[in-house]
1. What percentages make up the Cα-Cα pair-distance distribution of the chain when the bins are 10 Å wide from 0?
2. Can you give me the orientation-averaged projected area of the convex hull built on the Cα atoms of segment 228-287, in nm²?
3. Can you tell me how segment 34-160 classifies by the Cα gyration tensor, rounded, prolate or oblate, using a/c under 1.5 as the rounded cut?
4. Cut-off 10 angstrom, C-alpha nodes, Gaussian network model of the chain. Which of Leu156, Leu81, Leu274 fluctuates the most?
5. Using Cα springs under 10 Å in a Gaussian network model of the chain, which residue among Ala266, Ala233, Ala253 shows the largest mean-square fluctuation?
6. Which loop-located trypsin sites (Lys or Arg not before Pro) does segment 13-112 contain, where loop means any DSSP state but H, G, I, E or B and the Cβ has at most 14 other Cβ atoms within 10 Å?
7. If you filter segment 246-297 for trypsin sites (Lys or Arg not before Pro), then keep DSSP loop positions with at most 13 other Cβ within 10 Å, what is left?
8. With each run of n ≥ 4 DSSP H residues scored as -39500 (n - 2.57), what mean residue ellipticity at 222 nm is computed for the chain after dividing by its residue count and rounding to the nearest 500 deg cm²/dmol?
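Please treat every number below as a calculation from the coordinates, not as lab data. Keep in mind that this is a model prediction, so the values were computed, not measured. Here the Cβ is made from the backbone with ideal geometry for all residues, glycine too, and neighbour counts use every protein chain on show.
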Amino acid sequence: MHWRGGSQQEGPTSAMILITAATGQIGGAALQAIAASGKSVRALVRQPSRFTGAAGVEIVEGNFDDDLSLRRALDGIEVMLLAGRDSPQSVCQHRRVLGHARDAGVRHIVKLSAIGATPRSPVALMREHAEVDKEVMQGPANWTFLKPHLFMQNLLRAADTIRSTGRFAAPMGQGGFPVVDTRDVGIAVATVLGDPAVHAGKSYALTGPAATSYDEVAATFTTVLGRPVTYEAVSPDEFESRLLSAGIPDWRAFDLAHIASAYGNADNDVSPDLAVLLGRDSTSLESFIKDHEEIFV
Ligand SMILES: NC(=O)c1ccc[n+]([C@@H]2O[C@H](COP(=O)([O-])OP(=O)(O)OC[C@H]3O[C@@H](n4cnc5c(N)ncnc54)[C@H](OP(=O)(O)O)[C@@H]3O)[C@@H](O)[C@H]2O)c1
């Protein structure tokens, strides 16, 4: 956990909170948690007709590429979550959102970042996070960074092959990674948004409760599903070729295939931050697989 002094005075918020990426895994979970707490919350969504949302949520149609919609979405907002999808456009898009947030007088920005976000990362999405994080730190709004490790939910992409072959391929070598459940991350985001002053100038490393190698991930699948599941360790280059053959864009294929190289040893340590924010243990991989068991059998 890193500590820094915030620059603006603020207290617990009763103000309208804006959630960007509200249809995403983290934004969606955060939105549910905030709405359940009874706080005023607005969701920026690209296609309101496809958005189920939560009761009591104000919905604003908007897009990071559309200035007018961002002005509308940020009108009257004091506290916001800045999140989105990785892409070569993400830095430019998030800069645009930050510009409108400044104009609107937003006083606290909670930024979804990532463990491993550094300017010299071999992986573009980590460099992009570092660039946006640096801009967020320039203020004038107070800020809090939530930096998750790899999401357990990434394993859902392997559901079809686990179901049909009992194997899954990944470019993760033999190292251990403290993968984290996005449901926990969303609740942590909501906790920070609900009382931002307490978290001003802090950066939280959000991990699961144990660093797990992908052989151990396979062993956990085997235990929970009650049938053998094995991990096929694939080199990053081979994995990248497979993704390119499947039609994944080259920038995305590279990042997905080389993601393990974005983490130094210290990045793979278990952090207490998430359990502190949740007030309970973070979700274990075993519980995650049990909760999604029907997808894998
Ligand atoms: N996957 C991991 O293991 C991992 C680990 C650590 C950090 N992260 C970070 O987590 C973030 C992704 O979070 P997530 O998984 O919750 O996202 P997600 O489920 O992929 O959803 C992305 C969200 O961004 C919205 N979005 C995309 N382009 C937009 C635009 N032009 N204007 C407005 N909204 C837009 C999407 O809206 P639509 O529904 O309209 O598409 C959606 O709500 C990334 O920054 C990633 O680097 C990921």
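1. That works out to 6, 27, 35, 23, 8, 1, in percent per bin.
2. Working: hull surface 26.0 nm².
The orientation-averaged projected area of the Cα hull of segment 228-287 comes to 6.5 nm².
3. On the way: a/c = 1.64, a/b = 1.16, b/c = 1.42.
Taking the square roots of the gyration eigenvalues as a ≥ b ≥ c, segment 34-160 is oblate.
4. Looking only at Leu156, Leu81, Leu274, the biggest GNM fluctuation is shown by Leu156.
5. Evaluated over the chain, the most mobile residue of the options is Ala266.
6. Passing sites in segment 13-112 are Arg85.
7. Working: sites: Arg252, Arg280, Lys290; in loops: Arg280.
Filter output for segment 246-297: Arg280.
8. Numbers: 12 runs with 117 residues, N = 297.
When only DSSP H runs of four or more count, the value is -11500 deg cm²/dmol.
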